[in-house]
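Note sheet for the following structure.
The values are calculated or read from the model by the stated rules, or taken from the named source; none is laboratory data. For clarity, every value in this text was computed on a predicted model and none was experimentally measured. Counting neighbours? That spans all protein chains shown, and the Cβs are built from the backbone with ideal geometry, glycine included. Calculation scope for accessible area: heavy atoms of the full protein, side chains included, ligands and nucleic acids excluded. Shrake-Rupley method; radii C 1.70, N 1.55, O 1.52, S 1.80 Å.
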Amino acid sequence: MKNKMVGFPEVSLLVMGLAAMWLMPNDLSFLTRIITSALFVLSLDLVLGYGGIVTLGHAAFFGVGAYAAGVYAISISGEPLTGLLVGGVVGGLVALVTGALLLRTHGLTCLMMTIAIAQILLEVLNKWRSVTGGDDGLSGIVVEPIFGVFEFDFMGRTGFVYSLITLVVCFWIMRKLVSSPFGLTCVGIREDRLRMTALGCNVYLHALVMYVAGGVFAGIAGALMAQTTQVVGLSSLGFTWSAEALVMLVLGGMGHLWGAVIGTILFMVVHHFASAIDPFQWMFVIGGLLVAVVLLFPQGLAQAGIGMFQKIFGYGRIAEEKS
C-alpha cells in the first residue's frame, strides 16, 4: 500500500487547484494569493511545526525573497524560474545568518529576537530607496514567458498554473524532508530537546538546517508573489503577515503539511468574504473562528479531516509521514 500511494498527496493538491480554477475562473488572482500564502505557511510549518522554533518574524524571509526576485527581474533577467531560485537562495542565506545567532537562545528570548531581526530588515529595506523604492514599494517588475512560451496573461491563468505547479513541487520536497531521518530527528528535538541532546544529537545544527530550509521556501513564496503581482511592498516583511501566517497554521494544525494548506484556504476564504461584508470588523470573525477551532479541534482541522479520510480509504497517515 505504501508504494501505491507515492505521490498521492501532490496529485490531490494539483487536482484541488485545477478544480478551483475551473469553478472560479474569474477569481484567479485571489486563488493565486491563496497558493502563495499556502507555500509561505508551509515554510513556517517546517520551522515551528517540525523544528519547534517559535518565531513571529518569519515574514522577513518572505519579504527579502520577494525583493530579491523583483530586483533580479528588473536589473538582470525576467526569467521566472531563475527568479524563484534567487528568492529561495536569498531567503535561505538570511535565515542562515540570522539563525546562527538567534538559535543559540531559547523560549521568549528567541521569540523576541525573531521580531527584532524582522523589524531591522524592514527598516533596512525601507531606507534603501534606490533599490527597493522605500515606502512606495518596488514596481515595474516584468516577468518573461515561462520557458519562453507561456506568457503571463491579464486573466492570470498562466500565473495561477505556474504558482500551483510550484506549490506542488515544493510540497513534495517538504514531504520528503520531514519524513526523512533528519526530519524525524527534528521532531524528536521538538518533543524532548534534553533527551535528544543526551542521545548525542547535535540539536543546534539540526535546528539551524531546518530554519534555513524554512527560509528557502519562504523566499520562494515571496519570489512567487513578486512575479505574479509584479509589485513588492514593505508589508511583505511586516509583523502582521507573520502573525496571520501563524493563525493559518494554528487553524490547520502544526506539524502537518496538510494543516498548513487547509488553514491557509480557510483563513483566506473567510478573510475574503468577511472583509467584503464589513471591512472594519472582519478580524472579529477570524478571532471567533480561531477560538472555535482551538476549543473543538486542538490539533487543528487537518488532523480531524485526515482522520476521516483514513477511515474511508483505509490506510495510514498519508501526506508527510509515508511516501
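Computed from the C-beta positions of Leu18 and Glu144, the FRET efficiency with R₀ = 22 Å rounds to 0.35. Within the listed set Gly219, Gly57, Gly148, the Gaussian network model of the chain (springs between alpha-carbon atoms below 10 Å) gives the highest mean-square fluctuation for Gly148. The calculated 222 nm mean residue ellipticity attributable to helices in the chain amounts to -23500 deg cm²/dmol, summing -39500 (n - 2.57) over DSSP H runs of n ≥ 4 and dividing by all residues. Over the chain, accessible surface divided per residue gives 47 Å², non-protein components excluded, 1.4 Å probe. Of the labelled figures (i) 28, 25, 20; (ii) 27, 25, 24; (iii) 41, 19, 18, only one reflects semi-axes √(5λ) of the Cα gyration tensor in Å as derived from the coordinates, namely (i). Roughly to the nearest percent, how much of the accessible area of the chain is carbon and sulfur, given a 1.4 Å probe? Accessible surface attributable to carbon and sulfur in the chain totals 70 percent.
Computed over the chain with a Gaussian network model linking Cα atoms closer than 10 Å, the most mobile of Val47, Val178, Val187 is Val187. Among Thr264, Thr132, Thr109, the largest mean-square fluctuation in a Gaussian network model of the chain (Cα springs under 10 Å) belongs to Thr109. Extension gain for the segment Met283 to Trp172, taken as residue separation times 0.36 nm less the Cα-Cα distance, is 36.7 nm to one decimal. The distance between label points at Val54 and Ala100 comes to 2.7 nm (points 7 Å beyond Cα on the Cα→Cβ vector).
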